[in-house]
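These notes are about the structure you will find just below.
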Amino acid sequence: MKKIVLTSILCAGFAYGDIAQLLEEDKRTFDSSKYIPDISLITDFSYVNRSINDDELSHLGLPGIAHGLYAEHAHGGSNEATYNANQGFNFNYAELILSSSVDPFFSMDATLHFSGEGVEVEEAYFTSTALGNGLRLRGGKLLSNFGYMNAQHHHYWDFGDMPLVFESFLGTHGINELGAQAQWTAPTPFYLMAGVEVLQGENEQMFGNESYKDGEGEAIIEGSTAPSLYVGYVKTSFDIDDTTIFGGLSYAQGDSMLDHSDDHEDPHVFSGDSKLYGADLVVLHAIDSYSSIKWQTEWLSREMDGTQYNLDPTNITSILTSPSINKKQSGLYSQLIYTHDKNWKMGVRYDTIYQNDITGGEENVPDDFNKYSAMIEYHTSEFARFRLQYNRNEAMYNEDGRRQSLDTIMLQANIAIGAHAAHSF
Amino acid sequence: MRHILSKMKKILSLLTLLPLSLLAHLNIAVSYPYIGALTKTIGGDDVTVTVLAKGNWDPHFIIPRPSLISKMRNADGLIMNGAQLEIGWLPPIINRAGNPKTMPNSKTFLNLSHHAKLINKPKSVDRKHGDIHPDGNPHFHLSPKNILILAKTVEKYLSNIDQDNKDIYKKNYANFSKVWKQKMLFWKKKMKDKKGLKVIQFHDNLAYFNREYGLNNIGTIEPLPGIPPSSRHTIEIINLIKKEKPCCILHDVYHSTKTADFISQKSGIKVILMPHDIQSLENIDNLSALFDHLTSAIK
């Protein structure tokens with residue numbers, strides 16, 4: 001009881017400000033404020049104008065690859081909006097980033113993603129700092145190091161939206177999973193790193209292991225045991241004068257269980273095994289301290305092999321047919337970014353998905369999905385940037401299988417306060 | 001449990017000590033070329049130095065190239081400038097390398113700013129005043145006096161992690177200090193008639209140099225630290241120059257001199273390029289050459 005009273009007095013103290021008057025001298029002696037972790041808050045707002053209205057847009061997708069890319073999709077009870085989901089103003093997020101050493105052996109980092117949908121723990125992991133020999137272990141909720149941009153947060157991207165191939169294969173958050181990661185940097189004069197990850201495997205677009213159940217919790221389609229996603233990669237880099245070349249090869253393999261039972265016209269569940277291959281290449285030429293040219297390309301290819309359980313639209317607990325299905329899909333993005341000085345940055349991006357071979361399921365699906373983007377950014381300082389972006393999206397199809405060209409203009413404000421953010425390459 | 005813990009501690013400390021005692025040859029990573037030169041001077045043949053940043057780059061903005069991770073991973077220690085000069089690029093490299101010998105607060109990690117007396121410490125820290133350094137001006141190496149203090153710091157650091165060679169480090173320091181003190185007298189003489197001169201800079205890089213030789217910085221071309229020049233502030237500077245009559249604009253090598261040239265044209269005062277580190281200009285390949293150049297630059 002005493003404790004509760006004391007705590008409430010303390011809380012009142014915080015609320016009314018002057019804590020120093022409330023706490024006696026000896027209590028302040030044990031002040032721990034010096035141990036407060038590095039804190040920063042990053043907010044992202046955008047103004048979006050599209051040539052297709054929101055209602056119509058939610059019915060567009062990439063046949064055989066992704067449903068309703070722009071819709072707020074509800075899965076397993078959690079609502080997750082894509083960035084820049086609505087026409088007009090969007091509050092994309094306020095990200096609270098905390099980071100500190102734990103003890104001489106570990107550090108801890110967390111990224112809490114606040115948005116209109118609530119709070120999501122985007123990342124919360126501990127990392128070893130004392131193993132040496134190039135070895136580093138990490139555990140918790142993390143962004144996989146698969147490919148180049150998967151491990152980067154939205155605020156570090158050069159465009160306000162994700163590359164088409166990433167978004168349609170893996171969703172807006174990429175491979176963002178609970179799991180463990182081991183990385184080893186080789187004792188070579190050039191950069192060479194290899195890593196493996198064991199992940200829970202709950203990606204909505206490509207992986208999953210949860211059984212498909214009826215109303216009583218009885219499994220209709222049996223899932224698998226987690227963890228069920230395994231990732232491995234090798235990355236290397238070297239410099240030629242002021243030019244840095246960075247390349248990587250990645251592989252992910254896991255069980256898939258994709259629940260599309262809420263699809264009104266064509267409810268189905270896919271269960272099977274999926275493989276994802278990735279190759280990335282980044283060439284950065286530094287002209288001087290502030291000016292550079294960066295060319296960044298990533299290629300993704302996936303193979304999904306399993307069974308498509310087509311459900312009865314009037315009773316989604318009954319399976320009508322269950323054909324075997326095999327999907328081979330590949331795409332890439334390539335972008336060129338020119339940083340003029342501390343204030344101005346501009347770039348173009350080309351997105352494509354050029355392979356969409358499906359046997360056993362939807363026949364005659366298109367296999368030419370393209371998107372073109374251009375952007376210009378103004379930075380008032382390292383902590384605030386404003387970006388104007390234009391997208392021409394020729395990858396979206398309506399439910400009748402007709403291509404719908406989509407033009408988007410986007411004005412984005414990305415503002416950071418608090419601890420100085422230092423980004424890795 | 002306690003027994004296992006103490007055993008683990010022993011193994012851990014053994015693991016960290018082993019490479020040091022086995023290999024007399026130390027590989028020390030340093031952030032900037034001037035630290036490399038100091039470390040090489042004191043370390044001599046017993047120390048290899050790996051410099052991370054290039055001397056002609058803005059020390060605040062270094063691209064965190066992955067090759068730097070490998071250099072950090074393979075190092076036996078790290079010496080950095082500190083005072084937040086490396087905050088935008090070094091932390092991710094240290095983290096990615098995961099090398100306990102280059103982690104802050106390890107015995108083999110040295111933050112030079114903790115051993116120099118920093119000036120211009122801001123009274124209040126707020127980014128509306130620009131990208132300021134809360135601990136004070138971090139460009140403390142541009143003072144021959146401080147170079148001597150830093151050399152002593154490096155000597156202590158090397159002796160501490162490699163006690164077998166501490167006599168060599170002591171001797172190297174003594175030799176360096178003797179020569180350096182003579183040079184300091186020479187530079188002082190050269191700068192004697194410059195005392196009291198007013199100067200303009202792009203960014204207050206030369207705060208310690210100016211203080212040592214009695215130069216008086218009256219304004220900077222950037223309106224606030226880290227904020228690029230604005231036309232309004234440029235006009236203010238031109239008016240200030242007309243009123244205060246400074247001798248010249250002392251300009252760093254990495255910012256564009258476009259605004260400085262414009263100011264020079266309007267006000268008639270010279271723009272002088274001032275190197276901030278070794279390699280920042282072609283002919284500057286050692287510490288003496290750096291100060292020889294700096295003390296001869298103002299004619």
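For A:Leu388 and A:Asp262, compute 0.36 nm times the residue count separating them, minus their Cα-Cα distance, and round to one decimal in nm.
Full-extension gain reported as 41.8 nm.
Arranged from highest to lowest average of other beta-carbon atoms within 10 Å per residue, in what order do the peptides A:171-181, A:300-310 appear?
The packing order, highest mean first, is A:171-181, A:300-310.
Sorting B:Leu185, B:Leu206 on the 10 Å Cβ count, fewest up front, what's the list?
Lowest count first: B:Leu185, B:Leu206.
When you look at the Cβ of every residue in A:415-424, what mean number of other chain Cβ atoms sits within 10 Å?
4
Give me the dipole magnitude in Debye, nearest 20, for the stretch B:15-185 about the Cα centre, with unit charges on the beta carbon: positive for Lys and Arg, negative for Asp and Glu.
I would put it at about 380 debye.
Helix B:231-244 against the longest principal axis of chain B: what's the angle in degrees, Cα atoms only, rounded to the nearest 10?
Long axis of B:231-244 versus the principal axis of chain B: about 70 degrees.
What pairs in B:Lys40/B:Lys183; B:Lys192/B:Lys299; B:Lys152/B:Lys181; B:Lys190/B:Lys266; B:Lys54/B:Lys189 have C-alpha atoms more than 21 Å from each other?
B:Lys190/B:Lys266; B:Lys54/B:Lys189
If you bin every alpha carbon distance in the stretch B:91-134 into 10 Å steps from zero, what whole percent lands in each bin?
Percent of pairs per bin, in order: 23, 31, 35, 12.
What is the average number of partner chain Cβ atoms found within 10 Å of a Cβ in A:236-246?
The per-residue average across the peptide is 3.
Grab the eigenvalues of the alpha-carbon gyration tensor for the stretch A:40-418, scale each by 5, take roots, and send me the semi-axes largest first in whole angstrom.
For the stretch A:40-418, the ellipsoid semi-axes come out as 33, 26, 21 Å.
How long is the gain from A:Asn398 to A:His420 if the chain were fully straight, where each residue apart is worth 0.36 nm and the alpha carbon distance is subtracted?
Numbers: separation 22, 0.36 × 22 = 7.92 nm, distance 4.46 nm.
Taking 0.36 nm per residue and subtracting the Cα distance, the gain is 3.5 nm.
Give me D for the stretch B:193-297 in µm² s⁻¹, whole number, from Stokes-Einstein with Rh from the Kirkwood sum over alpha-carbon pairs, 10 °C and 1.306 mPa s.
113 µm²/s
Please compute, for peptide A:126-136, the average count of beta-carbon atoms on other protein chains lying within 10 Å of each residue's beta-carbon.
Rounded to a whole number, the mean comes out at 5.
Treating only the Cβ of Lys, Arg, Asp and Glu as charged (+1, +1, -1, -1), what charge dipole size does the protein assembly as shown show about its Cα centre? Round to the nearest 20 debye.
On the way: 67 positive and 84 negative charges, 1348 e Å.
In total the dipole reaches around 6480 debye.
Any number yet on Rg/Rh for the stretch B:15-185, C-alpha, Kirkwood?
Ratio of gyration radius to Kirkwood radius: 0.97.
If you fit an axis through the alpha-carbon atoms of helix B:287-297 and take the longest principal axis of the Cα set of chain B, what angle between them do you get, 0 to 90°, nearest 10?
Roughly 10 degrees, rounded to the nearest 10.
In degrees between 0 and 90, to the nearest 10, how far off the longest principal axis of chain A does helix A:2-16 point, with axes built from Cα atoms?
90 degrees
Once you place label points 7 Å from the Cα toward the Cβ at A:Gln87 and B:His129, how far apart are they in nm?
4.8 nm
Quote the FRET efficiency, to the nearest 0.05, computed for B:Ile218 versus A:Val283 with a Förster distance R0 of 35 Å and r equal to the Cβ-Cβ distance.
Here the calculated transfer efficiency is 0.20.
Per residue of the stretch B:215-229, in order, report the coupling 6.51 cos²θ - 1.76 cosθ + 1.60 (Karplus, θ = phi - 60°) as ³J(HN,Hα) in whole Hz, putting x for Gly and Pro.
Result, ordered by residue: 7, 10, 7, 9, x, 10, 5, 6, x, 9, x, x, 9, x, x Hz.
About the Cα centre of the stretch A:40-418, what is the dipole size in debye to 20, counting +1 per Lys and Arg Cβ and -1 per Asp and Glu Cβ, all else neutral?
Dipole about the Cα centre, nearest 20: 1420 debye.
Eigenvalues of the Cα gyration tensor times 5, then square-rooted: what semi-axes does that give for the protein assembly as shown, in whole angstrom, largest first?
Details: eigenvalues 540, 195, 134 Å².
Semi-axes, largest first: 52, 31, 26 Å.
Using the beta-carbon distance between B:Asp193 and A:Val121 and R0 = 56 Å, what value does 1/(1 + (r/R0)^6) give for FRET efficiency, to the nearest 0.05?
0.30
Out of residues 5 or more away from B:Thr48 or on other chains, whose amide H comes under 5 Å of its own, with H placed 1.01 Å from N in the peptide plane?
Under 5 Å from the amide H of B:Thr48 lie the amide H atoms of B:Leu26, B:Asn27, B:Ile28, each far enough along the sequence or on another chain.
Assuming 0.36 nm per residue, please report the length gained on full extension of the stretch A:Asp273 to A:Glu362 beyond their Cα-Cα distance.
Taking 0.36 nm per residue and subtracting the Cα distance, the gain is 30.2 nm.
Using the Karplus curve 6.51 cos²θ - 1.76 cosθ + 1.60 with θ = phi - 60°, work out ³J(HN,Hα) for each residue of the stretch A:211-224 in order, rounded to whole Hz, and write x for Gly and Pro.
Ordered by residue, 3J(HN,Hα) equals 4, 8, 10, 8, x, 8, x, 7, 6, 8, 10, 5, x, 10 Hz.
Within 9 Å, Cβ to Cβ, of A:Gly201, how many net charges do the neighbouring residues add up to if Lys/Arg are +1 and Asp/Glu are -1?
-3
First obtain the Kirkwood hydrodynamic radius of chain B from its Cα pairs, then insert it into the Stokes-Einstein equation at 37 °C and 0.692 mPa s, and state the resulting D in µm² per second as a whole number.
Details: Rh = 20.7 Å.
The Stokes-Einstein estimate is 158 µm²/s.
In chain A, if the dipole is taken from +1 on Lys/Arg beta carbons and -1 on Asp/Glu beta carbons about the Cα centre, which of A:Thr225, A:Ile287, A:Gln308 is farthest to the positive end?
A:Ile287
Could you list which residues have their amide H under 5 Å from that of A:Gln355, counting only those 5 or more apart in sequence or on another chain, with H placed in the peptide plane?
Those qualifying (amide H under 5 Å, at least 5 residues apart or on another chain) are A:Ser330.
Quick one: net charge around A:Asp400, please, counting Lys, Arg +1 and Asp, Glu -1 for every other residue with C-beta under 14 Å from its C-beta.
Residues near A:Asp400 contribute -3 overall.
I need the P(r) histogram for the stretch A:132-177: all alpha carbon pairs, bin width 10 Å from 0 out to the longest distance, whole percents.
24, 50, 19, 7
Where a number appears in this text, it was derived from the coordinates with a stated rule and is not lab data. As the structure is a computational prediction, the values presented were derived from the model and not from experiment. Ideal geometry is used to build each Cβ from the backbone, glycine not excepted, and the neighbour counts take in all protein chains shown.
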